[in-house]
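Structure first, commentary second.
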Amino acid sequence: MNKGKLFLVATPIGNLNEISKRALDVLNMADVIACEDTRNTLKLLSHFDIHTKMISYHNFNEDYKSIEIIELLNEGKNVALVSDAGYPLISDPGYELVNKVIEEGIKIETISGPNAALNALVASGLSSTHFLFYGFLNPKSSQAKKELESLKDFPYTIIFYEAPHRINKTLELAYEILGDRKAVIARELTKIHEEFIRGNLSELVKVGELKGEIVFLVEGNKKEDEVDYEIIKKEIDDLLKKENKIKDIVNEIADKYSIPKNKIKDLIYNHN
Ligand code: SAM
């Protein structure tokens, strides 16, 4: 008997119009949809008039549900895995199932779609050439501190998911451990109140209460030796020639290169 396929289907992170035609086709065609929360997925399915049978698959039943799903796949049934939002497996259940499915030699297809981390990254203004998706920090501050310590020297943009009731504490910890770097809060992506708050960590710690769903991004560690001071000196020269105020030059250069203001003042005053 032919085995079925496992489809990993990304679903909207807020705006239902972001469901793809292919995702709808697969959700309609599948014999079973394995959902993180059947009540949430039912809203999605009802909206698109899809009546496929659902079963639950979440963090607390991954073990035995994976076995049940493998049985279905071995019987030739097609199974679509979805989470409450975005990609399954990305800070969501599915890892265990995917590994069991690979072990069984069953085919997997991914159905592309929305993802909060990437939506946040591309509009953040932070470097997107290389980046690390970290997901959630440990909810315990002592553990989160250790995690941030381990990320301190990472040279590329880091993306975190965070709950609204923890974001202010996380911003404080990040400022304390990572120093005053550029950072971005991306809130309520794809929804009516979508918002990007960009600034340095010293500014973002003062932002006040934040509601809704949040992605938090920080710039990587810019090591001193990676900064080309010859280019910066030239830029300072040009700005001085244009008779810009020292204060404005310091702010502009500090913002552009994320280097301490004292260091820039040093370059200006000890300039030959
Ligand atoms: N699987 C999802 C994905 O692919 O993006 C992530 C699920 S994770 C359990 C939920 C977290 O993702 C939220 O706490 C928040 O950090 C982030 N998130 C999800 N939707 C979001 C949105 N519309 N705006 C901002 N962040 C969002």
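Things to note:
- For the chain, the 222 nm mean residue ellipticity estimated from helices alone, with every DSSP H stretch of n ≥ 4 adding -39500 (n - 2.57) and the total spread over all residues, rounds to -12000 deg cm²/dmol.
- Normalised by the number of residues in the range 117-184, the average gap of Cα pairs under 8 Å and 6 or more apart makes the relative contact order 39 percent.
- Two-decimal Rg to Rh for the chain - Kirkwood Rh, Cα set: 1.10
- Packing rank of 93-100, 263-270, where each peptide gets the mean count of other beta carbons within 10 Å, highest leading: 93-100, 263-270
- Calculated diffusion of the range 1-151, Stokes-Einstein form, Kirkwood radius summed over Cα pairs, 4 °C and 1.567 mPa s, µm²/s: 78
- Of K206/K247; K191/K256; K43/K191; K191/K222, those spanning more than 28 Å from alpha-carbon to alpha-carbon: K191/K256; K191/K222
- Relative contact order of the chain, taken over Cα pairs closer than 8 Å and 6 or more residues apart, is 17 percent.
- At 0.692 mPa s and 37 °C, Stokes D of the range 117-221 from Kirkwood alpha-carbon radius, µm² per second: 245
- Three-way shape label, the range 121-164, alpha-carbon gyration tensor, a/c 1.5: oblate
A short reminder: the numbers here are calculations on the coordinates, not readings from a lab. What you see is a predicted model; the values in this text were computed from it and never measured. Every residue, glycine as well, gets a Cβ built from its backbone with ideal geometry; the counts of neighbours run over all protein chains shown.
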